[in-house]
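Colleague: First the structure, which I've put down as structure tokens, then a few questions once you've had a look.
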Amino acid sequence: MKTITTLITVLALTAMISISAQAATLRCTVEKVEGDIVTMNCGDKAETLSAGVKVKVKVKKVKAAAAIEGC
């Protein structure tokens, strides 16, 4: 009985943590870059951020235009 209760508790805790991590995700576009300062537009969701808050930025990987063909 303890094992089942522990398993259910761990699964519920994991689900809550993953939901809260997704709620903090924003999609923004880069407006301009000047030296080491980047200005981003996050639309209506920008209100959730404040000055001085650290953020993590993932860069979209660009695929190669065409594969190199041999002769």
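Taken together, the values in this text are just the output of simple stated rules run on the coordinates, not laboratory data. Keep in mind the model is a prediction, meaning the values are calculated, not measured. With ideal geometry, Cβ positions are generated from the backbone for all residues, glycine too; neighbour counts draw on all protein chains shown.
Colleague: Could you name the lysines in cross-link range of residue 61, using Cα to Cα under 29 Å and dropping any fewer than eight places away on the same chain?
Modeller: Candidates past the 8-residue exclusion: 32, 45.
Colleague: Here's another thing I want to ask about it. Hey, rough spin-label estimate for residue 40 and residue 13, points 7 angstrom out along Cα→Cβ, what's it come to in nanometres?
Modeller: With each label point 7 Å from Cα toward Cβ, the separation is 3.0 nm.
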